Amino acid sequence: MYRWYQQSECCIVYLEDAKDTSHSRSKQVTFKRMLAGSRWITRGWTLQELIAPPVVLFYDSSWHFVITKQSSLGTIRAVTGIPEYVLATGDLSRSSVAQKMAWSANRTTNRIEDLAYSLLGTFLIASMAEPSQSLRLVRYLSSSHANAIRRKRERIHEAPGGDHAHD
Amino acid sequence: MRTTRDDSIFAWTASEGSLSTYRGLLARSPREFGNSHLMTQGNGTFATSNMGLRVELVLKPVMDEIGDDNVYLGLLNGLWNGRSIVAIVLRELEANKFARVCAQRLENVGDPKLENFNSIEDYTIPGDESPTAIYVEHKLRIPSLFQSRAIHAFCFKRGLFPEHAIPSYHVWAMRPTELALYGPAVMLIPRNADQHQHDFRVSPNEAIFLACVGLRINHRDEFSLGRSRMLMCGYNLSTGQAWCRVLGNDNWPAIGDSSEQWQFALGSHPVSQGGDIEALMSTDVAEERIKVNIVPGLYQDKICLLVHIDGLS
């Protein structure tokens, strides 16, 4: 998934709850307020939408173009804590596991393993070849949640290489 | 885990922690990395094994405020902000087996480029600089002979052998009342002399904490109503030893009696000085038998003395 975003020409982000009510003359100030108050920024899955694509175009709730990622790196860093280098290049090789986890710390998903998968997208698919390694990380991330483990195991069994009895 | 050497994966902080709160090496949620934005990559050696995570870390013995033994700083290879050495606090459970304690913080043990690099010497004892291989289980198990001077509480639990559970009891009263929690029954152990100002200060020796638990028989029979037994639990704060004893029919005060009465009764009685981790009492009532034993264990991540009482409901 991460690679899919990385190889995209451009990614359009529609901030469904962002309205330009500030009438500020500074585009960055307006965008900062929109981004910090948006639901989009709190979701787990959207972290890779922000980091991976070389071009991200942000639109507000009435589909007015707001700004591009490349021209608002400092603003995005201020809101998310993600370094400008990472936002600009999508290169995660210099970032520590702790940093990548920290960017996800305040993001929520409906289910714990969704969070695990969204982290996976960001950290692992980019650096890991083997999907089995990724599944191991899912196991770690959701290990304190018995239900999540159960659901995840079901999913592992459904994965290619697992039980094909129902195919 | 197998493909990364980045030991910043251990650089998380819990929302709460203490010397008696035991955790593994892995975070439970990305939320616990919320303060780790400045942690850079480290080149560590770690792997999963059949004894839990195996990690090689430089260990520095720590002199903590309680004086609990076997507390160490484990130095991570990742740096804070690319400059300062970061350590986690570890407690040895048995040879080479550890738990993370004080997980609410990461220890910043100085900046190698600055003059205050020696700050680590302020609270550690000079030791070996080469890494030691340690093991940390993800689901921690506390060895039965484990002792600590930083025990959080006595937790009263149903015994492990229900076949001995005749008759059954419930906890109906505890002293000291200020430190007692009910449902499930827990008696908090005061941390130091300042917190020792409770109503049941029966020991003349500050270092010994005593707790009395009233057990009442669950009986439909009206004749048995009100009959109860008292269990005394002791803990020595300077050695970490624990003991228990079911009080007999001698002239013990009632559990609700004044502190002065209890002080007088316990006075130089052996139970206020030490004893066994197991207690068994047979009474004049043939079917009544109380069997108690104490084992160290975790309750809500806190290191506790689990007091197993057979037949406790």
- Item | Nearest-0.05 FRET efficiency for A:SER26 and B:SER238, computed from C-beta distance (R0 56 Å) | 0.35
- Message: Taking a virtual spin label 7 Å from the Cα of A:THR42 along the C-beta vector, which residues in the stretch A:60-89 bring their backbone nitrogen under 13 Å of it?
- Response: none
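Cut-off is 10 Å between beta-carbons; in what order do B:LYS139, A:LYS27 appear when sorted fewest neighbours first?
B:LYS139, A:LYS27
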- Message: Taking the alpha-carbon distance from A:LYS32 and a cut-off under 16 Å, which lysines remain once sequence neighbours fewer than 8 residues away in the same chain are dropped?
- Response: A:LYS19, A:LYS69
- Query: Any idea what Rg and Dmax come out to for the stretch B:18-80 if you just take the C-alpha atoms, in Å?
  - Reply: 13.7, 34
- Message: 7 Å from Cα along Cα→Cβ at both A:SER8 and B:GLN263: what's the point-to-point distance in nm?
- Response: 7.4
- Between the stretch B:67-95 and the stretch A:1-63, how many Å separate their Cα centres? 40
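Computed from the coordinates by the stated procedures, all read-outs in this text should not be read as laboratory data. Computed from a predicted structure; not experimentally measured. Cβ atoms come from the backbone with ideal geometry, glycine included; neighbour counts cover every protein chain shown.
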